[in-house]
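Peer 1: Pasting a structure here, questions to come.
The values are calculated or read from the model by the stated rules, or taken from the named source; none is laboratory data. Remember, predicted model here, so these are calculated numbers, not experimental data. Every residue, glycine as well, gets a Cβ built from its backbone with ideal geometry; the counts of neighbours run over all protein chains shown.
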Amino acid sequence: MWETIVELDDKYEDLENYSRRTCLLIHGVPEDKDKDTDELSIKFCKNHLQIDLTLAEISRSHRIGKLKSPNEKPRPIIIRFTSYRTKVNIYKQKRKLKGKKLLITESLSKTRAKLYKEAINCFKHDVWTWDCIIFVKVGKKGVAIRNDSDLAKVKEDYEFEKNRAVTRSMQRK
């Protein structure tokens, strides 16, 4: 019975994240009451990613969360694109933001976002997402993480790989 509940929960989680496949979050764009988020998103893509995004490619966009005071970080903008290809094209260009106070992330469910933060705490820079699936680099390959048990297994594999690398370096000496 418990296995069925866990399996159904995993399926629900995958479906929720699948529905977010055409969405991205843009972090760090200053709040501007006079401009709507569609306009800000188009300007952001042009100025920072060198992508000519059009209004027709945006299904919907808005800020997430409550309005903050001017001294706090701006609220992220969530964008739902009309096409998965547009989302992928923009997401692939996120490297151009390195070193800036701007960031593009996928829109993950609360459960998956929590799992992602936990993976980052464990593995630092060897973690990324693609299609709302979390990946961790173990050895020379990326391993998918969709739930807590996947993360526990990857932690074991990661420790094994780390110990194996230490053993190899000791054998060379």
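Peer 1: Of all residues in region 56-65, how many are closer than 17 Å to Arg21 by Cα and crowded, with 16+ Cβ neighbours inside 10 Å?
Peer 2: So the count comes out to 3.
Peer 1: Right, next: What are the residues in region 79-102 that are closer than 19 Å to Trp128 by Cα and of a type in the set (A, V, I, L, M), if any?
Peer 2: Selection gives Val88, Ile90, Leu97, Leu102.
Peer 1: Any residue at all in region 107-127 that is farther than 30 Å from Asn147 by Cβ and either small (Gly, Ala, Ser) or in contact with a strand residue (DSSP E or B) (Cβ under 7 Å, 6 or more places away or on another chain) (or both)?
Peer 2: Taking every residue of region 107-127 in turn, none turns out to be farther than 30 Å from Asn147 by Cβ and either small (Gly, Ala, Ser) or in contact with a strand residue (DSSP E or B) (Cβ under 7 Å, 6 or more places away or on another chain) (or both).
Peer 1: Within region 9-42, track down each residue that is in contact with a strand residue (DSSP E or B) (Cβ under 6 Å, 6 or more places away or on another chain), in a helix (DSSP H, G or I) and not charged (D, E, K, R).
Peer 2: If the condition is that a residue be in contact with a strand residue (DSSP E or B) (Cβ under 6 Å, 6 or more places away or on another chain), in a helix (DSSP H, G or I) and not charged (D, E, K, R), then Thr37, Ser41 are the ones that fit.
Peer 1: Given the residues Thr129, Thr37, Thr86, Thr82, which is the only one that is touching a residue at least 24 places away in the same chain (Cβ under 8 Å), polar (S, T, N, Q) and in the same structural domain as Ala144 (by TED's automatic domain parsing)?
Peer 2: Result: Thr129 is the single residue among Thr129, Thr37, Thr86, Thr82 that is touching a residue at least 24 places away in the same chain (Cβ under 8 Å), polar (S, T, N, Q) and in the same structural domain as Ala144 (by TED's automatic domain parsing).
Peer 1: Sticking with this one: Going by what's in this entry, would Lys155 be described as free of Cβ contacts under 8 Å to residues at least 12 places away in the same chain and either surrounded by 12 or more Cβ atoms within 10 Å (Cβ to Cβ) or in a loop (DSSP other than H, G, I, E, B) (or both)?
Peer 2: For Lys155, the condition - free of Cβ contacts under 8 Å to residues at least 12 places away in the same chain and either surrounded by 12 or more Cβ atoms within 10 Å (Cβ to Cβ) or in a loop (DSSP other than H, G, I, E, B) (or both) - is not met.
Peer 1: Then there is this: May I ask you to list the residues in region 43-54 that are in a loop (DSSP other than H, G, I, E, B) and either charged (D, E, K, R) or in contact with a strand residue (DSSP E or B) (Cβ under 9 Å, 6 or more places away or on another chain) (or both)?
Peer 2: The answer is Asp52, Leu53.
Peer 1: Please go through region 4-55 and give me each residue that is on the phi > 0 side of the Ramachandran plot and surrounded by fewer than 16 Cβ atoms within 10 Å (Cβ to Cβ), ordered by number.
Peer 2: Residue satisfying the conditions is Gln50 alone.
Peer 1: Being touching a Leu at 6+ places or on another chain (Cβ under 6 Å) and not hydrophobic (A, V, I, L, M, F, W, C): is that true of Thr129 here?
Peer 2: Answer is no for this residue.
Peer 1: Please indicate, with yes or no, whether at least one residue in region 66-78 is in the same structural domain as Ile51 (by TED's automatic domain parsing), of a type in the set (A, V, I, L, M, F, W, C), assigned to a loop (DSSP other than H, G, I, E, B) and surrounded by fewer than 16 Cβ atoms within 10 Å (Cβ to Cβ).
Peer 2: Checked region 66-78: at least one residue is in the same structural domain as Ile51 (by TED's automatic domain parsing), of a type in the set (A, V, I, L, M, F, W, C), assigned to a loop (DSSP other than H, G, I, E, B) and surrounded by fewer than 16 Cβ atoms within 10 Å (Cβ to Cβ).
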